[in-house]
Amino acid sequence: FQNLSGGAILVDTTSRALHYWSADETIYKLYPTSVPMTDDLTRRGRTKIVQKVDGPSWRPTTSMLKRNPELPAYIAPGPDNPLGTHALYLSWTYYRIHGTHDTRKIGRRSSSGCIGLYNQHIAGLFSLAPVCTQQLLI
């Protein structure tokens, strides 16, 4: 990062860790994550938070439905939602940093492209990171 203007999030897909720095450099957090299952599903580079959703709903992408046609077309917010309790939408289409109710996924290559956090961690990050927080995924 050139600077921490607006705050910064670094996701290291190799160590499966998310680092957060506040814009004023008074807050640093480190969270364990889930990462995409394969390199083909892994997006790397710079992006930013464009939307924050408390209680997100979920719809599978076209590629997810191709891999598993039995997926439901929609899951409302709640305990069965794959996005958990909160979601940070990135400027890349379909990519999110979100919670998960399936805690077995954290620390593993288990997602279809998103970065997953424990629900208590995404709730904390959600409260800290404003829209426009810069992101770097490596």
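The values are calculated or read from the model by the stated rules, or taken from the named source; none is laboratory data. In this text the structure is predicted, and so the values were computed from the model without any measurement. A quick note on method: Cβ atoms are made from the backbone with ideal geometry, for glycine too, and the neighbour counts reach across all protein chains shown. Side chains are part of the model used for accessible areas, which takes the heavy atoms of the whole protein and leaves out ligands, DNA and RNA. Shrake-Rupley method; radii C 1.70, N 1.55, O 1.52, S 1.80 Å.
Just for the Cα atoms in the chain, what are the lengths along the principal axes, largest first, rounded to whole Å?
On the principal axes, the chain reaches 46, 29, 25 Å in Cα extent.
In nm, what is the difference between 0.36 nm times the number of residues separating T103 and D80 and their Cα-Cα distance?
Taking T103 through D80 to full extension adds about 7.0 nm, to one decimal.
Which residues' amide hydrogens lie under 5 Å from the amide hydrogen of T100, considering only partners 5 or more residues apart or on another chain, with H built in the peptide plane?
T85, L117, N119
Averaged per residue, what accessible surface does the stretch 1-101 expose to a 1.4 Å probe, in Å²?
Per residue, the stretch 1-101 has 56 Å² of solvent-accessible surface.
So between D40 and I138, what do we pick up on full extension, going 0.36 nm a residue minus the alpha carbon distance?
Here the segment from D40 to I138 would lengthen by 33.9 nm.
Between the helical axis of 119-128 and the dominant principal axis of the chain, each derived from Cα atoms, what acute angle in degrees is found, rounded to the nearest 10?
40
Summing Lys, Arg as +1 and Asp, Glu as -1, what charge do residues with Cβ under 12 Å from the Cβ of A129 carry, A129 excluded?
+3
On full extension of the chain, what length is gained from D54 through T93, given 0.36 nm per residue of separation minus the C-alpha to C-alpha distance?
My answer for the length gained is 12.2 nm.
Sum up the lysine pairs in the chain that clear both bars: alpha-carbon distance under 23 Å and a spacing of 8 or more or different chains.
5
Taking H as built 1.01 Å from N, whose amide H comes closer than 5 Å to the amide H of W92, not counting residues under 5 places away?
K48
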